[in-house]
Structure formats: structure tokens, C-alpha cells
Amino acid sequence: MKKDILEMTSLSVDEISLILDTAERMKEISERPVKKVPTLRGKTVVLYFYEPSTRTRTSFDIAAKRLSADSISLSGSTSSMVKGETLLDTARNLEAMRPDVIVLRHPSAGAPHILAKALSASVINAGDGMHAHPTQALLDMLTVRQHKGALAGLRIAIIGDIAHSRVARSDCEGFVKMGASVILCAPPTLMPKGIESYGVSVTFDMNEAIDGADVIMMLRIQKERQAGFFFPSEREYSRRYGLNLEKLKSARSDVLIMHPGPINRGLEISPDVADGPHSIILDQVTNGVAVRMALLYLVTGGTRNADSD
Amino acid sequence: MRILIRGAQVIDPGFLEGRMDVLVQDGRIADIQPEGVLKVPSGNDVTIYEAAGHILTPGLIDMHVHFREPGQEYKETIATGCRAAAAGGFTAVCTMPNTSPVNDNGQITRFILSRAAEACGVRVYPVGAISKSLEGGSLSEFEELKEAGAVAVTDDGEPLMNSLLMRRAMEYAGELGLTVISHCEDKGLAHGGVMNEGTIATRIGLPGIPNAAETIMVLRDIALCELTGARLHIAHVSALESVRAIREAKRNGIPVTAETAPHYFTLTEDAVREYSTHAKMNPPLRTQKDVDAIWEGLRDGTLDVIATDHAPHSPVEKDVEFDQAANGIIGLETSLALGLRLVESGVLSLTGLIEKMSTHPARILGLASGLKIGAAADITVIDPDRVWTVHADQFQSISRNTPFDGWELKGKAVLTLVNGVVIFKERLETGS
């Protein structure tokens, strides 16, 4: 496995399969009454979150602890960042304490690349600006694979604020790489230029996106986006691009509904859909722990079965 | 003190061309004659340079540089900036007003000129601020700036969004004979973007700036230029549509001139792909289509000037996250060689390049220039065949923020004279 997990671009199909297969085995550890194996005993994992995050940080933290690694959490407000230290200086100081893995969430695209270049520790990107969120894409792929058996040939619709979404970008790359077809849907104001270059198709019509989709991935719409005039009102956004039972009628009967969270109930997704029979949103969260366990294990050089100790 | 430069190909666009000997005496051009005609002067105050195979031109002028004095001397001082200019073959530079404090009054202008007088000799022409503190709120005192020595006014770096203020600036500056230099950017449309809008920005997750953010303001300022009749100079043109707009304006007889920078005719947005902050500038690097349009604009005269927008920054501003990094790159020590690539590619003749780097900037700003007998001896001698590798750590500039570090370039200034004084010399043979 590579030293760093920065984006889906640098992962091969084989590597993605290995990660997903490893995560599949990790999943079982979380089902045990004693949810802990000694595999990463003595390894230090730093969770460095420059941006607020509950789900992703907790998920990494649990993943590290279930493998017996020591995890240390730093956040933007408690770190040296507020004292004016640069990212690079912070990184060098961390490195001097010999961590094995640094998990970074940062508002600037490319921030994990700065760390990866400068450090000998492994860097896992837990989301950088609008650029990439590879662990989310991997857990999305794992979740779909569990429900559909395989990824190749599936039709994945991703609907919402594509422009500002690192999840959309990483999902596009991951699913296309694994042989699925991806259709993106957003108002034209939230569809970034050149996104087709991922080998995906684009529509502004939600019905077209839903039609025949095996998976519908809804993206969070950030309320502050109205400051950039991206859409007229939440009301109109919700009417045109929100997923509700009415719109779901035209979907396949076995469609899966996903959302990377946190959801805005009633805005991009109605509560009855989010909690309905097609929703696998909480499976995504469960798989998040497994995927992150797999990644921590693989980047620290794991080859044995994690659960064999 | 006399200097004889022998056997160079002398080019003063529209005036002189051919192999000639140039005699400099008492700071002035004493004589220029076809090679071998001039009698070698006797006396031990004579230095002779053998310049066969070299090109001798009127001193190059960079009409768009940022020296960081006063305020950010750790990036560049007037002294180090002047040394970088001399090494790049420039005998004169125009310094932008976004120092700290801003050059919006005669006192700062005089301070800059007093520092320049202590530097290596490169002529420094300060450009004053259009608005006080570059805040876009009210006009600076143009007459005082002019009296102190400012040659033009601009709010470079901070686009002037208030069209009324821009109109007044042009009317008022026009009457004083000051050129208005415009940094064309619609801040609202740029919307916090940090690179060119397009596929690469989308793929690497950075907010983009569309060409239109520049072109809209180019069109606005052309309209104001037509309205006021004042002289307008558009700074650092990067976009295809801007070139088109300026071409059309010139066709209609509107008194607009324009410059572009070496990076806009050499690099595309591709240079940003690895989040390289040395490829971050404003306006941003664009696409190949834009580069082609810049080439065409240089070729057909739409773009009058090549200026560097020399913008020194330290690692403090550049070794950070891309979206947090400061805009701009240094250019004084690479500009000439990058310009010569245009000659190599057939975009410009050598004469055309010298026009863009000397004759035109002088004309636009009303500065003396040219190889006239009796004129101040501001001269650049270029070895067009010298192949050299860019080593940013050996630059005269304090800063190293260049995307061209490690590039192999061809052509270099080997002798720079201001007022007949050698302010830079490198590997040039002296004879007797």
C-alpha cells in the first residue's frame, strides 16, 4: 500500500479492491462483544482536524482504538493554528514526536499533499477543501458493494451541491474506476466546469438522474451558499432538487438511498426517504469505521489478517 | 570615463539597426558608427567591450514591478530590486504603489526616489495610487504625486470597483498627463477564486476565476477611456477575451495601451496542478487558448508591452496552503530570456521584442529612451546565444518565488549601463 491516502486518483483498482476486502474483514471486529484487537498496538495515530467534524473524526478515532493504536485528537481551535503556526511547522513538530499516521481534515485543497511531501509518517486525507474525501468514497463503495454484490455496471446518481463537494469528486473517481456509471445532477450554478472529465454524465433534470439509478446519493446543501447566489431559496431548491417520496416513485424498486451526512432533513432529503426502506445511510456510517480500520492497518504496513492475533 | 562597445548588432526600433560601435562619454552616447569607422579613443580612461555576436539595445524598461519598500523589506528592498533589474538587463522600472504605507502622497514618492538614488543606478519611476490607501474611497492628490516624481497612477492589486471613481481618476489624471494603469478584475465575479476556472480547478478542488472577471473590467475601462479621452494602460492581460476587447478598442481609435507578463505567454494553468504556489498569481494562469491569444496580441500589436509584474514574496507567504498563499511571482531576472523564446518561436522579431520591452513603455510613460547621440547612455547588451539554467537561489532579488527555477533558458543581459555607468556586467570580454 502507498504511504499516503490522499485522493482516489492515486489508488489503482487493485488497491481499492484490497482496501474494500480488508474493510470487509475488519467489519466483523466491530460485531464482537469485545471490539478490540491488538494489531496496531504501539502505533500512534494523530487525528488533526482543522475543520469541525463529528462523524469522520469519531469514525477514525474508533477505528484506531479498535486496532489498539493510540489516537490523539487535535482540532483547529486547540492546536497551534490559532497561535499563527503554519501547517508545515505544525507538521514538522508532530513528526518530531514520531507518529505513525496523521489523519488530516483541512479547509484548504491540497493541504494533505503538503504534509505528505514533508513527513515520513503516513498521511490520510480526511477531507481537504473541495478537493477530495477518499475515505468517504471508499466507505460509499463498500456499502454499495455489500448491497449490490459488485460495483461494475451499476448506475450511480449523485444529486446536490456538486460544485463544493469533495465527496462528489472522490465518489466520481472511485465509482467510475470500479466500472460503475455516474450521473451528476445539480442546478447549473452548482455544477462545476469540466466535471465531465471524470467520465461522468451531467443533467440538470432530477427525474433523468433518478431514472434507472441503482443508487441515489444525495449531497448536503449548505445553507450559506445562498450568499453566492447559487439558488433563489431553500424552498425552490428543495422543490427542484430535494428527494421526497413523490420523486422516488419513478426510481427503481430496489434503489439504494445514500447521503454522506450530516443531512438537512426536509431540504435535500425528506425525513420519510432518509428513514425509509431504501435508505442505507446508517450502513455508510458503520462501514466508515471498517474502511478506516482497513486503511490504518494497510498504511502501517499490515499484511497479516488483522483479526488473527 | 569613456566606454566603447564594439561590434554589437545595434537595434533601436525604427531608428537604428546594424553592426555598429557605440562610444559613451560623460554619461552620454557620444557617437554611433558602423563597425570599424570609429577611431579607438586613446587614454587610460577608456574601457572597450568586445560585443561581436551580441545585441545592443536602448535600456530595457519594466513598467510593472513591486519593490516592497517601504513596509516589507524582507521580500525586496529598492536596492535589491534594482540589482535584480540590472541583472535582467533593465535600466528603468516603474514601482507599483501597494507598499506599506501606500504610495498615495508625495512624501512616500520622494522616499522611494531617495532610496533609489542610493541604489545601483537603475532608474526608478514610482507609480502613485489612484485612491487613498488603495481603498477605492477617494482620489489621492495626483498633482502632488506628479510633482514628487510619480509617472502614472494605479490601484494595482486592488481593482477599482467604483466606476465613478475610475472615471474621475481618468479625467483628472488625463489633464495632468498621468497615465492611468488599470488592474482589471471584477472582485464580485472572481468570488474568492484562487486559480483559473475550468477543469483543472474543478479536479483539484480550488475555486476558479473566469476570464470574464478580467474582461468585464477591461471593457468598462475602455468605455471610460472613450468617455474621458484620457490615456489608459491595461496591466497584466491574461485572457483571450481581453485581448479581443483591446484590439477592437484600438481599431476604434481609443487611446488604450496594454501589457502582458512573461508568465502569461509562457505558462498555462497546468502549472498549478500540484498545488504549486509559485504558479499562483492574479490574474491567474489561463489555458493554452489564452496563451495563443496573448501570442497573437503581441504579434499584431494589440499588446504593446511586456512587463514582469515582479512580485516578491518570502516562504512565509508562499510555503503555505495554496488558497492561503500570496499572489505573484518575481520576474526581473527571467523576463528577457522568456521574451527571447517568443523570438525563437517566431511570434516576435527581435526588434518587436525590444519595442515591447523598451520603446513602448518609454512612449507610454513619456520617458526618454533611444540610442540618440547626446542622449543619456542607458544601454543593454544581450548575449542571445548564452544558454543558462535558472537558479533562483542565485538571484539578486531577495525572493525566490519563481515557477521557472531550474529551467534552461537562452539569452541573457551581459552589460547594463545607466547614464553611462556600468551597473551590471557578466562574462563580457574587454579589449584594447
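General remarks:
- Backbone N under 13 Å from the B:Arg251 label point (7 Å along Cα→Cβ), restricted to region B:152-189: none
- Think of it as helices only: each DSSP H run of n ≥ 4 in the protein assembly as shown is worth -39500 (n - 2.57), and spread over all residues that comes to -9500 deg cm²/dmol at 222 nm.
- For region A:271-285, Karplus couplings with θ = phi - 60° (6.51, -1.76, 1.60), whole Hz, Gly/Pro x: x, 5, 7, 4, 9, x, x, 7, 6, 10, 4, 6, 4, 4, 5
- Residue with peak Gaussian network fluctuation, chain A [Cα springs, cutoff 10 Å], from A:Phe229, A:Phe49, A:Phe60: A:Phe229
- Computed from the Cβ-Cβ distance with R0 of 22 Å, the FRET efficiency linking B:Gln324 to A:Gln226 stands at 0.30.
- With a Förster radius of 51 Å applied to the C-beta separation of A:Glu85 and B:Leu428, the computed FRET efficiency comes to 0.60.
- Pair B:Lys39, B:Ser349: separation of 7 Å Cα→Cβ label points (nm): 3.6
- For B:Ser131, residues with placed amide H under 5 Å, excluding near neighbours: B:Gly136, B:Ser140
- GNM top mover of B:Gln288, B:Gln107, B:Gln396 - chain B, alpha-carbon springs below 10 Å: B:Gln107
- Folded to 0 to 90 degrees: helix B:211-228 orientation relative to chain B principal axis, Cα: 70
- Across region B:146-258, the mean sequence separation of Cα contacts (distance under 8 Å, 6 or more residues apart), normalised by length, yields a relative contact order of 25 percent.
- Helix A:166-177 axis, angle to chain A major axis (alpha carbon atoms, nearest 10°): 90
- 1.4 Å probe accessible area per residue over chain B, in Å²: 36
- The calculated FRET efficiency for the pair A:Glu15 and B:Met161, based on their C-beta separation and a Förster distance of 51 Å, comes to about 0.55.
- In degrees, nearest ten, helix B:163-176 long axis to first principal axis of chain B (Cα): 30
- Nonlocal amide H pairs with A:Ala69, under 5 Å, H built at 1.01 Å: A:Leu40
- Label-point gap, in nm, between A:Gln146 and A:Ser75 - each point 7 angstrom along Cα→Cβ: 2.7
- Cα-based Kirkwood hydrodynamic radius, region B:1-134, one decimal, Å: 16.8
- The accessible surface of the protein assembly as shown, taken with every protein chain in place and a 1.4 Å probe, is 50 percent carbon and sulfur.
- Amide hydrogen neighbours beyond the local backbone of A:Phe49, cut-off 5 Å, H modeled: A:Leu74, A:Ser75, A:Gly76, A:Arg105
- Of the residues in region B:192-219, those shielded by at least 50 Å² of accessible area once partner protein chains are present, compared with the chain alone at a 1.4 Å probe, are B:Thr202, B:Arg203, B:Gly205.
- In region B:269-295, comparing the full protein assembly with the chain on its own, the residues that lose 30 Å² or more of accessible surface at a 1.4 Å probe are B:Tyr275.
- Charge sum, other residues only, whose C-beta stays under 14 Å from B:Ala375's C-beta, Lys/Arg counted +1 and Asp/Glu -1: -1
- Global form of region A:242-281, assessed from the alpha-carbon gyration tensor, a/c cut-off 1.5: oblate
- Derived scalar couplings between HN and Hα for region A:239-256 equal 5, 8, 10, x, 9, 9, 4, 4, 5, 5, 4, 7, 7, 4, 6, 9, 5, 9 Hz in order, rounded to whole Hz, by the Karplus curve 6.51 cos²θ - 1.76 cosθ + 1.60 (θ = phi - 60°), x for Gly and Pro.
- Heavy-atom accessible surface of chain A, averaged per residue, reaches 40 Å², computed with a 1.4 Å probe.
- Those residues of region A:100-132 for which accessible area with every protein chain present is at least 30 Å² below the isolated value (1.4 Å probe): A:Ser108, A:Ala109, A:Ile114, A:Met130, A:His131
- Segment B:Arg110-B:Ser276, extension gain: residue separation times 0.36 nm, minus the distance between their alpha carbons: 56.0 nm
- Computed over region B:258-400: relative contact order in percent, which uses C-alpha pairs under 8 Å that are six or more apart: 25
- Interface A:B - total buried accessible surface [probe 1.4 Å, Å², rounded to 100]: 1500
- Nearby aspartates and glutamates by direct alpha-carbon distance to B:Lys75 (threshold 15 angstrom, same-chain neighbours under 8 apart not counted): B:Asp309, B:Glu317, B:Asp319, B:Asp393
- Spacing of the two label points (7 Å from each Cα toward its C-beta) at B:Arg19 and B:Arg363, in nm: 3.0
- Rounded if a/c under 1.5, otherwise prolate or oblate - region B:266-317, Cα gyration tensor axes: oblate
The values are calculated or read from the model by the stated rules, or taken from the named source; none is laboratory data. Model, not experiment: these values are computed from the prediction. Positions of Cβ are backbone-derived with ideal geometry, glycine not excepted, and every protein chain shown enters the neighbour counts. These area figures cover heavy atoms from the full protein model, side chains too; ligands, DNA and RNA do not enter into them. Shrake-Rupley method; radii C 1.70, N 1.55, O 1.52, S 1.80 Å.
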